[in-house]
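Q: I have a structure here, written as C-alpha cells, and I will follow up with some questions on it.
Read-outs: derived from the displayed coordinates by stated rules, not from any lab. Just so you know, these numbers come straight off a predicted model, no measurement behind them. Don't worry about glycine lacking a Cβ; one is built from the backbone with ideal geometry, like all the others, and counts go over all protein chains shown.
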Amino acid sequence: MDTQDSAVYTDVVALLQGLPRDRAQLLPALWRVVEHYQALTPEVIDAVSQSLGVPYAEVYGVASFYTLFDNVTGQTPVHICTDVLCALQGAQGLQEAAEAAAVGMPVSVRESACLGQCDYAPAAWIGAHIIRRATPEAVAAAVKAVRHE
Amino acid sequence: MNEVRRLLPDRHTVSHPASPERLRERGFDQALAKAMAMSSEAIIAEIIASGIKGRGGAAFPTGLKWSSVNKAAGQTKYVVMNADESELGTFKDRVLLEEDPLGALVGLLIAAHAVGARKAFCYIRGEYREVEHRLARALDILQQEGWGGPDAVDVEIRRGAGAYIAGEETALFNSIEGKRPEPRVKPPFPTNKGLWGSPTLIQNVETLANVAVLFAHDAAWFTQYGTKDTAGTKLIALSGHIQHPGVYEVPFGMPLADILHAPDLGGSLAGSGRLGAVLLGGAAGTFLSPDEVATSRLDYASLGAVGASIGSGAVMVFDDTVDLQWVLTKLARFFAEESCGQCVPCRIGTQRIMEIAEQGNLWTRNQDLRALSQAMRDASICGLGQTAPLALLSILDRPGLRRDA
Amino acid sequence: MGNSVTLMIDGQSVTVAEGTTLRAACDQAEHVVPTLCWHENLTPANACRACVVEVKGSRTLVASCSRVAEDGMDVQTASERVLNARQVVAELLLSVSDAKLAPDLLHLAEMSSADPVRFTGGATWAQPVRQDNNLYVRDLSKCILCYRCVQACGDDAQNTFAIAVAGRGFGAHIDAGFGRDLPESDCVYCGNCVAVCPTGALMGKTEWDLRQQGQWDESRITQTETICSYCGVGCELDLHVMDNQIVKVTSPQDHPVTHGMLCVKGRYGYDFVQSEDHH
C-alpha cells in the first residue's frame, strides 16, 4: 500500500511518537489518534496498524469493541446517561434539550450507559467535563459551548 | 454515628487529596516504610491476619491470593489495580479515588513489593477522565516522595475506552495487551497466568485502599470493625429514591435498614416515601423486597440467606411507583450492549432477554426465561453472562414485587 | 510413557494420559460430547459452549474442549444442567443463523431435542451474500461465530491475519476491517478459513455456483488422493471430483505436513489444471 506517503500516515506517526512499537501500546495509541481525529477512519486505522506492526483487521477488531471509539461522524460526542438512576431523575429532558441545542452544532448526542455518577443523577458528559445534577439548561449551554472546528 | 471513615479520609482531613501532606496526614508514608521493610511472607501474614476479602464483588480472601502470586513460578510478575467500575449504580471507586487517591496507590505498591512485581498497571474506565488526572497526580506525588523511580515498581495508568467487560480480570489483561477485551477461559487463573502469561495479582481499588489503611495501623485495629466472618468496612454506593445518595463507609454487619434510614447515611426514602424494592449488588444483583430489606444485614451470610450478595456494594433504592419491568428492561439492554459476544449463551442470550423484555413478555415467558437463564449461568464463559439473568430471576422468584401482581 | 490420570466419566473410571482434555477423555470413554467450534487442528476457542460437561465441585459447567483432565475428577456428560445448556445453545444458534449446511449444529439440535422456534422472532444474522472474489464466497447468514476462520487465518495456521472478530455482543462478526472486500484486504486466498468453516458460511466458488444451480450432489463426488506438484513441500491433496471436474480440493486433517491447511495454489490451482488453453 502507498499509505506510507499519505499525510494521515505522517500525522499518525507524529502522534504516536514515543510509544514503543508494541502491540501492548494499541489502546494508548488509539486514544492518541482518537483525541486528534475524533473519528477512526480506514486511513487512520491503517496508519496505526503500520506504526505498531499490528494487522489492520486486528486493529479494527480491537477499536470496534470500544464504545468511546465509535464515532464515525467525527463530531464531539455528547453523552447523556439514560440508565436507570438518571432516567428516574429526568434524563429524558436532558436528551431532548441536548438534541434541540445540537442542531447546527458539530456534536453528536448519544445515550450513554451508566457514567458512574448516580449520586449526582442525572449526569451528562460533554468534552472534558461531567455535568452533575444536570439540568436541561446546563446541558444546552454546554452543547452550545462546543467549539466549531 | 453509623458511618465509619477509614478508607475515606475523615471529615477533618484538611490536605489536598493528591499532596505530600495527605500522604503523611493519612499515615501512608509510614505504611509504605513499614511494608517495604517487611518480607513478602510477613506482609502476607499481616493481610491474612486482617481477614481482608476482595471488594470488587467476589470476596475472595486477599491474603490467599497474594500468597498464590508470591509462590507462583516465574521471574516476571505484575500487579494491577482494577478501577474499571462500569456497572449500573456502582461508583464507589470513583469517590474513593477522588477523595483519597493515594490510598489505593499505596496498596498497589505494597502489593508489588509483596509478590515481587516490578511493573504495575492502574486500569481506569475511560469515562473517569477527571479521576484519572487526580490518580496521575497522586502517582507523581509518590514518585517525588521517593516511592517510585528506577529501582522501584513502575506504575502505568491505562485508560479504558467504554467496555464494561474490560473490568473482568482476564478481559482487562487482554485490553492491556492490545487485544480485544474478551474474557479468557479459567483455569488457568491470573495468579498463575495473567498478563502476558505471567503470574498477576489484580485487585479492586477498594481492596488496595484497605491494604493501605491496614499497614498504616495493624490487623488488631483493622478487625475492630466488621463481623466474625468479614472484617472491616465496606463502601456502599447508595442511589435512587433516597434522601442522601452517595458513597458511605459502613462496618460489615450493619442492618440494611440503617443504611437506608440513618440520618448520617441514606437519611430515609425519597420519591413516594414508600419502599418498592432495593436492587442490591449492581446490575447483576438481587431485588430485595421491603421485608427482606428490613431483616437483612450487610454480610455475606445474612444476604446469602435471601439469595443476595453484596457484590460491589451498589444499593439502588426504588420507591413503590417504579415499574420493575422497566428497570429489568434497562438492565437487559445494559447486558446485551456490554456482552463481548464471544460465547453463544451470553451473545444471543442477553439479546433475547432484552427483546423479550422490550416486548413486555418477561412475566409470560417464565419457563423459557428460566431455561435460558440457567444455561447462561451454567455455560457462559465469564461472570457477565453467568450473572446477567440474576436480577431477572430474583423477580421471577418474588412475584410480589411486580407492580402489576 | 508419560504420567496418566484417572477420572470418572458418567460413573465409569477412565485413565488417560496427562494433558488430555475432558473432551478427548469422553471420546475415549465413548461418551462423546457434541462440539461446534472445536477443531482438531485449532486452538480451542471456547466459544460455542456445546461441549460443556458438569464437573463435581465446579460452580459452572466447564468447556470440555479446553479443560484438561485431572486425577479424581467426577464428570457428568448428560446431567440435567448439561442437557439444558446444550439444548439452549442449539436453540439460540438456530434462532440466529441459517443452519442448512451445518451438520454439527443440526446434530446438536437433534440430540438435544432442541425446539428450533423457541427463541426465534428476534434479531437474526440474515445478511447479503458477499461475492467479491473468484475463489470463495461468504454467506455470513450461516456464521455462528466459532472463531475457526480467524484462527486458521491467524497464528494457528496461515499467519496472515486478514480477518478478525470485530464489534461486540450480538453485533460481533468476522471482518477484514470496516467490512471491506477481500481483494482490498490482506487475504492471500489460501482458503484455510473455508476448509475449517463448519457451517458453509465460507464456501469455494465452484461449490457455491454448483449449489446455486442445483448441480451439487455429494453422491456423485469421488475423492482422489494426490501430491501437490506446485512446489516441493509435498502437501497431500484430496481432489473432489464430480462429472470429471475437480469441484473442491482439501487436505487430510491428519496429514503430518498440512494438517488440513493448504496454500492458494494447492487449494484453488485446479482451475489452472482444468483450463482448456493450458499446455
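Q: Please list, by residue number, everything in the range C:69-89 whose backbone N is under 15 Å from a paramagnetic label point 7 Å out along Cα→Cβ of C:Met8.
A: Of the residues in the range C:69-89, C:70-79 have backbone N under 15 Å from the label point off C:Met8.
Q: Before rounding to the nearest 500, sum -39500 (n - 2.57) across all DSSP H runs of length at least 4 in chain C and divide by the residue total; then give [θ] at 222 nm in deg cm²/dmol.
A: Calculated at 222 nm, the ellipticity per residue is -5500 deg cm²/dmol.
Q: While we're here: Output wanted: per-residue J couplings in Hz (rounded whole) for the range B:301-307, from phi through Karplus 6.51 cos²θ - 1.76 cosθ + 1.60, θ = phi - 60°, x for Gly and Pro.
A: 5, 4, 6, x, 5, 10, x
Q: Explain nothing, just the number: dipole magnitude of chain C about its Cα centre with +1 on each Lys and Arg Cβ and -1 on each Asp and Glu Cβ, in debye rounded to the nearest 20.
A: 780 debye
Q: Right, another one. B:Gly240's amide H: which non-local residues (gap 5+, or another chain) put their own amide H closer than 5 Å, with H modeled 1.01 Å from N in plane and none for Pro or chain starts?
A: When sequence neighbours closer than 5 places are left aside, the close amide H contacts are B:Val317.
Q: Another question, if that's okay. So what J values fall out for the range C:173-186 if you push phi through Karplus, 6.51 cos²θ - 1.76 cosθ + 1.60 with θ = phi - 60°, rounded to Hz, Gly and Pro as x?
A: Karplus-based 3J(HN,Hα) across the range C:173-186 equals 7, 8, 8, 8, x, 6, x, 5, 5, 4, x, 8, 9, 7 Hz.
Q: Further question: What list of whole percents do you get for P(r) of chain C, with Cα-Cα distances grouped in 10 Å bins up to the one holding the largest distance?
A: 6, 25, 31, 25, 11, 2, 0
Q: While we're looking at this one, here's another question. Rounded to whole Å and sorted largest first, list the principal axis extents of the Cα atoms in chain A.
A: Rounded to whole Å, the extents work out to 50, 29, 24 Å.
Q: What number, in nm² with one decimal, is the all-direction average of the projected area of the convex hull of the alpha-carbon atoms of the range A:47-115?
A: Averaged projected hull area, Cα only: 5.7 nm².
Q: Give me the net charge for the shell around C:Val5: Cβ to Cβ below 10 angstrom, other residues only, Lys and Arg +1, Asp and Glu -1.
A: Computed value for this residue: -3.
Q: In percent, how large is the relative contact order of chain C, given Cα pairs closer than 8 Å and 6 or more residues apart?
A: Relative contact order comes out at 13 percent.
Q: Something else: Tell me which trypsin sites (Lys or Arg not before Pro) from the range B:248-352 have a DSSP coil assignment and no more than 16 other beta carbons within 10 Å of their own.
A: B:Arg274
Q: Percentage of Cα-Cα pair distances in the range C:99-226 greater than 22 Å, rounded to whole percent?
A: Everything past 22 Å amounts to 41 percent.
Q: Working from Cα positions, state the angle (0 to 90°, nearest 10) between the long axis of helix B:129-142 and the longest principal axis of chain B.
A: On a 0 to 90 degree scale, this one is about 20.
Q: Please compute the contact order of the range A:76-144 in relative form: average sequence separation of alpha-carbon pairs under 8 Å and at least six residues apart, divided by the residue count, as a percent.
A: 42 percent.
Q: Pull out the extension gain between C:Asp243 and C:Lys56, defined as 0.36 nm times the separation in residues minus the alpha carbon to alpha carbon distance; nm, one decimal.
A: 61.9 nm
Q: Then there is this: Whose amide H sits under 5 Å from the amide H of B:Gly276, counting only residues 5 or more places off or on another chain, with H placed in the peptide plane?
A: B:Phe318, B:Asp319, B:Asp320
Q: Å³ per residue of the Cα convex hull, for the range A:19-83?
A: Spelled out: Cα convex hull of the range A:19-83, divided by residues, is 88 Å³.
Q: Mean separation of Cα pairs under 8 Å and 6+ residues apart, divided by the residue count of chain B: what relative contact order is that in percent?
A: 17 percent
Q: Given that compact globular proteins tend to follow 2.2 N^0.38 Å, what is the ratio of the alpha-carbon Rg of the range B:14-72 to that value?
A: 1.37
Q: Another question about this same structure. Helix-derived [θ] at 222 nm for chain A: sum -39500 (n - 2.57) over DSSP H runs of at least 4, divide by residue count, nearest 500?
A: That comes out to -12500 deg cm²/dmol.
Q: Something else about it: If you build a Gaussian network model of chain C, linking Cα atoms that sit under 10 Å apart, which residue out of C:Val96, C:Val52, C:Val14 swings the most?
A: Most flexible of the set in this elastic network: C:Val14.
Q: Where in the range B:212-246 is the amide nitrogen less than 16 Å from a point lying 7 Å along the Cα-to-Cβ axis of B:Glu130?
A: B:246
Q: In addition: Let me test this: with uniform point scatterers at the alpha carbons of the range A:76-144, what is the Debye-based log₁₀ I(q)/I(0) at q = 0.14 1/Å?
A: -0.31
Q: Taking loop as defined by DSSP and a crowding limit of 10 other beta carbons within 10 Å, which trypsin sites (Lys or Arg not before Pro) in the range C:166-224 fit?
A: Answer by residue number: there is no such site.
Q: Over the protein assembly as shown, consider all pairs of different Cα atoms and compute the Kirkwood hydrodynamic radius from their mean reciprocal separation; express it in Å, one decimal.
A: 28.7 Å
Q: In addition: Label the range B:110-151 by shape, choosing from rounded, prolate and oblate, from the square roots a ≥ b ≥ c of the eigenvalues of the Cα gyration tensor; if a/c is under 1.5 it is rounded, and otherwise prolate applies when a/b is larger than b/c, oblate when it is not.
A: Taking the square roots of the gyration eigenvalues as a ≥ b ≥ c, the range B:110-151 is oblate.
Q: Is there a quick way to get the dipole size of the range B:233-319? I mean about its Cα centre, with the Cβ of Lys and Arg at +1 and of Asp and Glu at -1; what is the value in debye to the nearest 20?
A: 100 debye
Q: Next question, about the same structure. Take the Cα coordinates of the range B:324-401, assign each an equal point scatterer, and use the Debye formula without solvent to give log10 I(q)/I(0) at q = 0.18, 0.19, 0.23 Å⁻¹.
A: Those come out to -0.61, -0.68, -1.01, one per q.
Q: Any idea what Rg and Dmax come out to for the range B:233-319 if you just take the C-alpha atoms, in Å?
A: 11.2, 31
Q: Filter the GluC sites (Glu not before Pro) in the range C:180-279 down to the DSSP loop ones having no more than 16 other Cβ atoms within 10 Å, then list what survives.
A: C:Glu276
Q: Taking 7 Å along the Cα-to-C-beta vector as the label spot, tell me the B:Ala37-A:Asp70 distance in nanometres, rounded to one decimal.
A: 5.4 nm
Q: What fraction of the DSSP beta bridges in chain B is antiparallel, stated in percent and rounded to the nearest 5?
A: Antiparallel bridges: around 45 percent, rounded to the nearest 5.
Q: Another one. Calculated FRET efficiency, C:Asp132 and B:Ala257, Cβ-Cβ r, R0 60 Å, to nearest 0.05?
A: With R0 = 60 Å, the Cβ-Cβ based efficiency is 0.40.
Q: Same structure, new question: Label points 7 Å out from Cα along the Cβ direction at C:Val257 and C:Gln223: separation in nm?
A: That separation, rounded to one decimal, is 1.8 nm.
Q: Taking H placed 1.01 Å from N in the peptide plane, check which residues at least 5 places from B:Lys234 or on another chain put their amide H under 5 Å from its amide H.
A: It is B:Val250, B:Phe252, by chain and number.
Q: Next question. If you count, for every residue in C:120-130, the Cβ atoms of partner chains within 10 Å of its Cβ, what is the mean?
A: Other-chain Cβ atoms within 10 Å of each residue's Cβ, averaged: 2.
Q: At what distance in nm do the modelled label points of B:Thr321 and C:Val188 sit from each other, each positioned 7 Å from its Cα along Cα→Cβ?
A: So the label points at B:Thr321 and C:Val188 sit 6.6 nm apart.
Q: Moving to a separate point now. In the protein assembly as shown, what % of DSSP beta bridges are antiparallel (nearest 5)?
A: Percent antiparallel among DSSP bridges in the protein assembly as shown is about 65.
Q: Return one number: the angle in degrees, 0 to 90 and rounded to the nearest 10, between the long axis of the Cα atoms of helix B:366-379 and the longest principal axis of the Cα atoms of chain B.
A: 20 degrees
Q: 222 nm [θ] for chain B, helices only, -39500 (n - 2.57) per DSSP H run of 4+, per residue, to 500?
A: -12000 deg cm²/dmol
Q: Take peptide B:377-388, look around each residue's Cβ out to 10 angstrom, count Cβ atoms belonging to other protein chains, and average those counts.
A: Mean inter-chain Cβ contacts per residue within 10 Å come to 4.
Q: Going toward the positive end of the dipole of chain C, with +1 on Lys and Arg Cβ and -1 on Asp and Glu Cβ, which of C:Gln12, C:Thr206, C:Cys146 do you reach last?
A: After comparing all options, I get C:Cys146.
Q: Give, rounded to the nearest 20 debye, the magnitude of the charge dipole that the range B:177-243 has about its Cα centre when Lys and Arg contribute +1 at Cβ and Asp and Glu contribute -1 at Cβ.
A: Once rounded to the nearest 20, the dipole reads 320 debye.
Q: Could you tell me, in Å, what Rg and Dmax come out for the Cα atoms of chain B?
A: When restricted to the Cα atoms of chain B, Rg and Dmax are 20.9, 65 Å.
Q: Then there's this: Tell me, how many Å apart are the Cα centres for the range C:137-178 and for the range B:104-163?
A: Result: 36 Å between the Cα centres.
Q: Using a Cα-Cα cut-off of under 30 Å, which lysines could be cross-linked to B:Lys234, ignoring same-chain neighbours fewer than 8 residues away?
A: List returned: B:Lys34, B:Lys53, B:Lys65, B:Lys71, B:Lys77, B:Lys92, B:Lys119, B:Lys186, B:Lys193, B:Lys330.
Q: So what J values fall out for the range A:41-51 if you push phi through Karplus, 6.51 cos²θ - 1.76 cosθ + 1.60 with θ = phi - 60°, rounded to Hz, Gly and Pro as x?
A: These are the phi-based 3J(HN,Hα) values: 8, x, 5, 5, 4, 5, 5, 5, 4, 6, 5 Hz.
Q: Also, I was wondering about something else. If I stretch the segment between B:Asp154 and B:Ser15 completely, what's the gain in nm (0.36 nm per residue apart, minus their alpha carbon distance), one decimal?
A: The B:Asp154-B:Ser15 span can extend by a further 47.4 nm.
Q: Still on this structure, please answer the following. Got a sec? How would C:Trp38, C:Trp216 order by Cβ neighbour count within 10 Å, fewest to most?
A: In increasing order of surrounding Cβ atoms, one gets C:Trp216, C:Trp38.
Q: Along the charge dipole of the protein assembly as shown, pointing to its positive end and built from +1/-1 on Cβ of Lys, Arg, Asp and Glu, which listed residue (A:Gly53, B:Leu303, B:Ala120) has its Cα farthest out?
A: Sorting the options by dipole projection puts first B:Leu303.
Q: Full-extension gain between B:Gln143 and B:Ile48, please, as 0.36 nm times their residue separation minus the C-alpha to C-alpha distance.
A: So the extension gain works out to 31.4 nm.
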